[in-house]
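Q: Please see the structure below; I have some questions.
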Amino acid sequence: MKLLVTGGAGFIGSSFIRHLLESHQDIELVNFDCLTYAGNLENLSDLCTDSRYSFVKGDISSLIEVEEALNQEVDAVINFAAETHVDRSILNPSAFVRTNIQGTQVLLEASRRRKVSRFIQISTDEVYGSLKESGRFTEQSPLSPNSPYAASKAGGDLLLRSYHKTYGMDVIITRSCNNYGPYQFPEKLIPLMILNALEDKPLPVYGDGLHVRDWIHVTDHCRALAKVLLEGRPGQIYNIGSNQEEPNLEVVHQILDDLGKSHELVQFVEDRPGHDRRYAIDATLIRTELDWSPQVSFKQGLAETIHWYQENFDWVNNVLSGTYRSYYQQMYENRDETLKGL
Ligand SMILES: NC(=O)c1ccc[n+]([C@@H]2O[C@H](COP(=O)([O-])OP(=O)(O)OC[C@H]3O[C@@H](n4cnc5c(N)ncnc54)[C@H](O)[C@@H]3O)[C@@H](O)[C@H]2O)c1
């Protein structure tokens, strides 16, 4: 089986590529990625010598580049490529519309023309919006996105639905909760807090810090995606969650405790506009139909992730170098002013 994995140089895509090559000898993979600030081939440097793996630099919103990649006659496309950071979507929504909606449509259209057998879209629980204290999102929950990021992912999901209903394409959507683990770009909550804590810098926590997220280790997510790829039903949506809900402040406190640092490093900052209060996923369908369940407890996975960032400072310095460093500083050192200016 030959796969085109788009966005494979990012956090989850690179973990998926490594998982699939390790667990399935008969799979060949083409990683198609335009290498934005979040894409980093260093994430896959250990696979350079594996003849089953190759890389093509390209943009999913360019029909020419996508069609050229599909000349390799792939059996399935798995789309991880996206703009993924909610804060960036608040500052610049158009980049999110371009990649997450237009790019998804270009990829779908090229896959339809080439008669690709299966198309999998990696989506997010954020498309469902926010929950109160109780209840969980099921695959039937209405789409109610609150950030430009979530809205652009919902738009991509609806395009998949239309290609299934209109053209009969074999498409599947997965909607996962928050991922964590090695190689996550240090703008997301867990790596940002680990790195700030290691340097004794303030840990910026939005609002009262009581926003609740369901956390899944990236390897558990990737095992679920491999099941969906090989055994999932056409036209189906699968929620992927691990039932490990934590308020953001509790996550930050666990990081500080693991590193032996003071809770006084926590700095509450003005809340993010449109900040969803709680996400929780009902993953009964994938658990029962595809016999999947998460293996990594949040406590153990978080401790291992902290250790990985401590051991991989070179990787951190590389991804934070150059132009991104000034963007990063602008976002996080002047974030209150930036948000007030919206
Ligand atoms: N990280 C999470 O917690 C989470 C949770 C649920 C769903 N998701 C979804 O999973 C997918 C992967 O997320 P991630 O955290 O690995 O993201 P990431 O930001 O780490 O990586 C995104 C990758 O996509 C590439 N990319 C961006 N625009 C592109 C384009 N136009 N053409 C080709 N490549 C492009 C980037 O270079 C990068 O390698 C996304 O679709 C995201 O919406 C993420």
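The values are calculated or read from the model by the stated rules, or taken from the named source; none is laboratory data. None of these values were measured; they are calculated from a predicted model. Neighbour counts are summed over all protein chains in view; Cβ atoms, including those assigned to glycine, are modelled from backbone coordinates with ideal geometry. All accessible areas refer to the heavy atoms of the entire protein, side chains included, with ligands and DNA or RNA removed. Shrake-Rupley method; radii C 1.70, N 1.55, O 1.52, S 1.80 Å.
Q: If you check GLY235 against the conditions, is it out of contact with any Cys (no Cβ under 8 Å at 6 or more places or on another chain), within 30 Å of SER162 (Cβ to Cβ), open to solvent by less than 70 Å² (accessible area, probe 1.4 Å) and modelled with pLDDT under 95?
A: Judged against the criteria, GLY235 is not a match.
Q: Here is a further query. In this structure, does GLU65 turn out to be more than 14 Å from the ligand (Cβ to nearest atom), within 22 Å of GLY156 (Cα to Cα), of a type in the set (D, E, K, R) and surrounded by fewer than 22 Cβ atoms within 10 Å (Cβ to Cβ)?
A: Here the answer is no, as GLU65 does not meet what is asked.
Q: Conditions first: (1) assigned to a helix (DSSP H, G or I); (2) at pLDDT 95 or above. GLU42 passes all but one, so which condition is the exception?
A: (2)
Q: Which one of these is within 13 Å of the ligand (Cβ to nearest atom), out of contact with any Cys (no Cβ under 7 Å at 6 or more places or on another chain) and open to solvent by less than 10 Å² (accessible area, probe 1.4 Å): VAL97, VAL106, VAL127, VAL86?
A: VAL127
Q: Also: What strands (runs of 3 or more DSSP E) completely inside the stretch 47-131 contain at least 3 residues that are within 21 Å of VAL171 (Cα to Cα)?
A: 76-79, 118-124
Q: Are there any pairs, at least 6 apart or on different chains, whose C-beta atoms fall under 7 Å, with the first in the stretch 11-31 and over 19 Å from SER176 (Cβ atoms) and the second open to solvent by 20 Å² or more (accessible area, probe 1.4 Å) and within 14 Å of the ligand (Cβ to nearest atom), and if so, which?
A: VAL30/VAL56; ASN31/PHE55
Q: Do we find that TRP308 is within 16 Å of MET193 (Cα to Cα) and either among the aromatic types (Phe, Trp, Tyr) or open to solvent by 70 Å² or more (accessible area, probe 1.4 Å) (or both) in this structure?
A: yes
Q: When you check ASP214 against the structure, is it open to solvent by 10 Å² or more (accessible area, probe 1.4 Å), more than 20 Å from ILE17 (Cα to Cα), acidic (Asp, Glu) and touching a residue at least 40 places away in the same chain (Cβ under 8 Å), yes or no?
A: So ASP214 fails the test.
Q: Give the residue, chosen from ILE78, ILE60, that is near the ligand (Cβ under 9 Å from one of its atoms), more than 30 Å from ASP271 (Cβ to Cβ) and open to solvent by less than 50 Å² (accessible area, probe 1.4 Å).
A: Within the list ILE78, ILE60, the selection yields ILE60.
Q: Please go through the stretch 100-131 and pick out each residue that is within 13 Å of ILE281 (Cα to Cα) and not hydroxyl-bearing (Ser, Thr, Tyr).
A: ASP125, GLU126, VAL127, GLY129, LEU131 - these are the residues of the stretch 100-131 that are within 13 Å of ILE281 (Cα to Cα) and not hydroxyl-bearing (Ser, Thr, Tyr).
Q: Could you tell me how many of the residues in the stretch 35-57 are open to solvent by 50 Å² or more (accessible area, probe 1.4 Å) and either more than 24 Å from CYS177 (Cα to Cα) or not aromatic (Phe, Trp, Tyr) (or both)?
A: Total satisfying the criteria: 11.
Q: May I ask you to list pairs of residues, at least six apart or on different chains, whose Cβ atoms are under 9 Å apart, with the first in the stretch 144-163 being in a loop (DSSP other than H, G, I, E, B) and the second being away from the ligand (no atom under 12 Å from the Cβ) and among the polar types (S, T, N, Q)?
A: Taking only residues 6 or more apart or on different chains, the pairs are SER144/SER130; ASN146/SER130.
Q: Restricting to the stretch 166-186, name every residue that is touching a residue at least 24 places away in the same chain (Cβ under 8 Å) and either near the ligand (Cβ under 9 Å from one of its atoms) or open to solvent by 50 Å² or more (accessible area, probe 1.4 Å) (or both).
A: If the condition is that a residue be touching a residue at least 24 places away in the same chain (Cβ under 8 Å) and either near the ligand (Cβ under 9 Å from one of its atoms) or open to solvent by 50 Å² or more (accessible area, probe 1.4 Å) (or both), then TYR167, THR174, ARG175, SER176, CYS177, ASN178, ASN179, TYR180, TYR183, GLN184, PHE185 are the ones that fit.
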